[in-house]
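Colleague: So that we are looking at the same thing, I have put the structure below in structure tokens.
The values are calculated or read from the model by the stated rules, or taken from the named source; none is laboratory data. These figures come from a predicted structure and were not determined experimentally. Counting neighbours? That spans all protein chains shown, and the Cβs are built from the backbone with ideal geometry, glycine included.
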Ligand code: SF4
């Protein structure tokens, strides 16, 4: 018998009688009174700069300012005045991307209770982008902010693409004496635009 | 109401005043209290050491002693919990089950069964509350800092009925004192360190006494306090609830 | 237990440095308080725990089907699935994948399973250069130590220790103990490793049966940096990581980071389903005693564990004895119920490294009855004779006296001789460990029994 079959047989023999699976209780899913306020407060706590803006002007301006000084990649679709140049990175190696200063990416959904923003291969022409850049800028439309994880998982399909990630704050560590240090292996900072 | 007083072996031998206070308090509150003379021990020292398989004799003796009362009341959360969870006797399972349901730690008995809402006791001292783990997390005598549930405390409710008392809590409100039965000798270093840390928080609060529902925890802390020549004393909750200072 | 150092001995060595013990205790207590604060922000916290526990219990009761379903879906996603019965097989599989890729330098993010299997040791023996990329793990790796905590691997070390280590290995300034400075040095050092490595090993936090995908949670971003830069991703998972559906992640991800460190969620929660174009993804599913634990009705619940570490942070014994005193890859309360399943003789002391205070069970996000299982392991271990003959004789003597009231009363009457059987009251100052740090209770004039007979009868 193969190891696989041996393991599965042992599991079958040893597991207890089936306990039927119940639905996730509705009472766990409490809708926030003001998801945007919560989302903002949580992210600020996570050392993230949050900008709530009306329309795209400020974002467009920010992108063009950054472009003048830094090496940046922008993965934002359907906004006049912003060029999505993510496709250029598809085949770039880690070595090539290591010098990337900024990545600006728009995500399809944000979560109030933990400040997380979902990205998947659709928004990530190269999966390294939000990790290898020195600074990350995430953009989310106000209408796409849900209250909690239950609501988020109802909206996304985790296997729609090969890879997806929730990002909440800049990379960080507290591995040295529990002292919080922002900027571990991923970005040194995160800025989030909430666009109305 | 006939109450069988269950006195843990170390209380019988070293802290008779705790048992006396318990008895007097229950009598004052109208209970008929008997102390079955052939009782020995709940068997916890063996079971917590991993030897519950040789405690049948002890269990049987317990059942023999305490069958025939309305309630079994004990001034120790830990021993009560042990009876509640682990008293089994082959051939006398019905009696054992009855006792498991009838056994109460003193403070829960006063609150839940006698439904006490006032006491005549007075104790004009500053008292630190030690939350003994088996009473708290095992018997749910009070809410627990780890859980997200409404706050309550049966021992505290009772102590608040005592005239003149000032209660205060250590910063870590319900951390274990480190007694742990045989743990206190087999893991002597950790046990003693835990005890020292507990005692220190009460010292920082400048209490006169540390009280709790378990004399074993208090005995452990008393051992440390005495070694440190501290002025802080320990006192079982029964002694406070039965106290009359004027 | 014989021949090795027991938890109590190692703990005593740890506590010998009291200021450092206080520091360790305070540091972890701080994490526990962060956890409390986070839990209290969620009204439905206890409901979440109950639901998480239920999902895991259900999963264990149907684990065979879920593993099969997971495998099918992962294969359909283009992932290669491997099965390992034990640590040796796991290590051999990982090595063969690395060899096939023709690589001798790899990066690895945190995985307690690979610690359990001693993968690093094995790969290094095979000539593979393994770099742990989690900062804490890198620190202990430089020092040739093992992680002392499943979530906070270097929690036993102070800034100065890290500074010394980095000075030696990374050339940082001597005695610069600024955590930002040290972390930045590690960042630069590890970025080079990520870029240079073509194989990345990760652990797995959750494996989703219905989609065949895995979820990995980190704060540092090291798992993703490693995987996305490499050509080959090897994910190693214990088979208890399974959950039925993606929607269940909602429950577990709400609990995991809050329980672990008090964060609302880890910075990165990465869902891997397919390798990127041109890359390979492997999942190694490991048993290593888990199917045996599943067969032990009293202990199978331990397989619900999501490795959040909350039981460590709250444990008053762990905080004052350090992770290394548990001589097992997973320390703390949960380690003490997992370890005897793997080796009863070697780990017979661990279920006794607890006062059974129950705080661990209260913080556990999946409601494992940890302290009850510690109690039950004690019963199993002593019955099987792992307690040694001294303990056996003592307990038998005690059981005898306590079941014979007349002898008990006589013993009590004869100067409380019965208390010889209560080891903590053994009235001999030189032999009694109690007396080292504590006074004995003063014997009263009469016992309660004597008082009762005099006054009440
Ligand atoms: S046993 Fe519970 S508290 Fe401990 S690590 Fe596992 S999930 Fe967390």
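Colleague: I need the full set of residues from segment B:1-15 which are within 12 Å of chain C (Cβ to nearest Cβ) and over 14 Å from the mean Cα position of the chain (by Cα), in order please. Outline the logic, then answer.
Modeller: If we filter segment B:1-15 for residues that are within 12 Å of chain C (Cβ to nearest Cβ), which is where we start, we get B:5-15.
Hits for segment B:1-15 are B:13, B:14.
Colleague: Are any residues in segment C:344-368 within 15 Å of the ligand (Cβ to nearest atom) and within 15 Å of the chain's Cα centre (by Cα), and if so, which ones?
Modeller: Result: C:350, C:351, C:353, C:354, C:360, C:361, C:363, C:364, C:365, C:366, C:368.
Colleague: From the list A:28, A:46, A:100, A:21, which one is at pLDDT 95 or above and more than 10 Å from chain C (Cβ to nearest Cβ)?
Modeller: Values: A:28 fails: more than 10 Å from chain C (Cβ to nearest Cβ); A:46 fails: more than 10 Å from chain C (Cβ to nearest Cβ); A:21 fails: more than 10 Å from chain C (Cβ to nearest Cβ).
Going through A:28, A:46, A:100, A:21 in turn, just one is at pLDDT 95 or above and more than 10 Å from chain C (Cβ to nearest Cβ): A:100.
Colleague: While we're here: Does segment C:249-267 hold any residues that are touching a strand residue (DSSP E or B) at 6+ places or on another chain (Cβ under 8 Å) and assigned to a helix (DSSP H, G or I), and which are they? It would help to see each step written out before you state the result.
Modeller: Step one: filter segment C:249-267 for residues touching a strand residue (DSSP E or B) at 6+ places or on another chain (Cβ under 8 Å), giving C:249, C:252-253, C:256-257, C:265-267.
C:249, C:252, C:253, C:256, C:257, listed by residue number.
Colleague: Also: May I ask you to list the residues in segment C:365-399 that are touching a helix residue (DSSP H, G or I) at 6+ places or on another chain (Cβ under 6 Å) and outside any helix (DSSP H, G or I)?
Modeller: Across segment C:365-399, the qualifying residues are C:365, C:366, C:367, C:368, C:369.
Colleague: May I pose another question? Does segment B:143-168 hold any residues that are surrounded by fewer than 19 Cβ atoms within 10 Å (Cβ to Cβ) and away from chain C (no Cβ under 14 Å), and which are they?
Modeller: Of everything in segment B:143-168, those that are surrounded by fewer than 19 Cβ atoms within 10 Å (Cβ to Cβ) and away from chain C (no Cβ under 14 Å) turn out to be B:152, B:156, B:157, B:160, B:161, B:163, B:164, B:166, B:167, B:168.
Colleague: Same structure, new question: List the number of the failed condition for residue B:26; all other conditions in (1) under 21 Å from residue C:399 (Cα atoms); (2) part of a helix (DSSP H, G or I); (3) within 13 Å of another protein chain (Cβ to nearest Cβ) hold.
Modeller: In the conditions (1) under 21 Å from residue C:399 (Cα atoms); (2) part of a helix (DSSP H, G or I); (3) within 13 Å of another protein chain (Cβ to nearest Cβ), residue B:26 misses (1) alone.
Colleague: From the residues in segment A:129-166 that are within 7 Å of chain C (Cβ to nearest Cβ) and assigned to a strand (DSSP E or B), which one is nearest to the chain's Cα centre (by Cα)?
Modeller: Residue satisfying both the conditions and the ranking: A:166.
Colleague: Continuing with this model, one more query. Could you please let me know if residue C:270 is part of a helix (DSSP H, G or I), more than 18 Å from residue C:369 (Cα to Cα) and away from the ligand (no atom under 15 Å from the Cβ)? Write out each step before concluding.
Modeller: Details: part of a helix (DSSP H, G or I): no; more than 18 Å from residue C:369 (Cα to Cα): yes; away from the ligand (no atom under 15 Å from the Cβ): yes.
When the stated conditions are applied, residue C:270 does not pass them.
Colleague: Checking residue C:308 against (1) closer than 26 Å to residue C:382 by Cα; (2) surrounded by 24 or more Cβ atoms within 10 Å (Cβ to Cβ); (3) within 12 Å of the ligand (Cβ to nearest atom); (4) away from chain A (no Cβ under 11 Å): exactly one of these is not met. Which one?
Modeller: Here residue C:308 clears every test but (1).
Colleague: Here's another thing I want to ask about it. Determine which single condition residue C:328 fails, assuming it passes every other condition in (1) away from chain B (no Cβ under 11 Å); (2) within 8 Å of the ligand (Cβ to nearest atom).
Modeller: Of (1) away from chain B (no Cβ under 11 Å); (2) within 8 Å of the ligand (Cβ to nearest atom), only one is false for residue C:328: (2).
Yes/no per residue for (1) facing chain C (nearest Cβ under 7 Å); (2) part of a loop (DSSP other than H, G, I, E, B); (3) free of Cβ contacts under 8 Å to residues at least 24 places away in the same chain; (4) over 16 Å from the mean Cα position of the chain (by Cα):
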site: B:18; (1), (2), (3), (4): no, no, no, no
site: B:30; (1), (2), (3), (4): no, yes, no, yes
site: B:41; (1), (2), (3), (4): yes, yes, no, no
site: B:46; (1), (2), (3), (4): yes, no, yes, yes
site: B:58; (1), (2), (3), (4): yes, no, yes, yes
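Colleague: Another question about this same structure. When you scan segment B:83-94, do you find a residue that is at negative phi, without any contact (Cβ under 8 Å) to a residue 40 or more places away in the chain and either outside any loop (DSSP other than H, G, I, E, B) or in the same structural domain as residue B:211 (by TED's automatic domain parsing) (or both), even just one?
Modeller: Checked against the condition, which is being at negative phi, without any contact (Cβ under 8 Å) to a residue 40 or more places away in the chain and either outside any loop (DSSP other than H, G, I, E, B) or in the same structural domain as residue B:211 (by TED's automatic domain parsing) (or both), segment B:83-94 yields at least one hit.
Colleague: Among the residues of segment C:160-186, write down those that are part of a helix (DSSP H, G or I) and touching a helix residue (DSSP H, G or I) at 6+ places or on another chain (Cβ under 7 Å). Write out each step before concluding.
Modeller: Restricting attention to segment C:160-186, the residues satisfying the condition of being part of a helix (DSSP H, G or I) are C:160-170, C:179-186.
Within segment C:160-186, C:162, C:163, C:165, C:166, C:169, C:170, C:179, C:182, C:183, C:185, C:186 meet the criteria.
Colleague: Could you tell me whether segment A:167-183 includes any residue that is farther than 30 Å from residue C:160 by Cβ, at pLDDT 95 or above and within 7 Å of another protein chain (Cβ to nearest Cβ)? If you could, list the steps in order and put the result at the bottom.
Modeller: At the first step, the residues of segment A:167-183 found to be farther than 30 Å from residue C:160 by Cβ are A:167-168.
Pick out the ones that are also at pLDDT 95 or above and you get A:167-168.
Right, trim to within 7 Å of another protein chain (Cβ to nearest Cβ) and you get A:167-168.
Checked segment A:167-183: at least one residue is farther than 30 Å from residue C:160 by Cβ, at pLDDT 95 or above and within 7 Å of another protein chain (Cβ to nearest Cβ).
Colleague: Hey, another quick one. Going through C:37, C:32 one at a time, which residue ends up being in contact with a helix residue (DSSP H, G or I) (Cβ under 8 Å, 6 or more places away or on another chain), part of a helix (DSSP H, G or I) and in contact (Cβ under 8 Å) with a residue 60 or more places away in the chain?
Modeller: Working: C:37 fails: in contact with a helix residue (DSSP H, G or I) (Cβ under 8 Å, 6 or more places away or on another chain).
Only one candidate qualifies: C:32.
Colleague: Of everything in segment B:180-213, what is more than 7 Å from every other protein chain (Cβ to nearest Cβ) and either out of contact with any helix residue (DSSP H, G or I) (no Cβ under 9 Å at 6 or more places or on another chain) or in a loop (DSSP other than H, G, I, E, B) (or both)? Give them in sequence order.
Modeller: B:181, B:200, B:201, B:204, B:205, B:206, B:207, B:208, B:213
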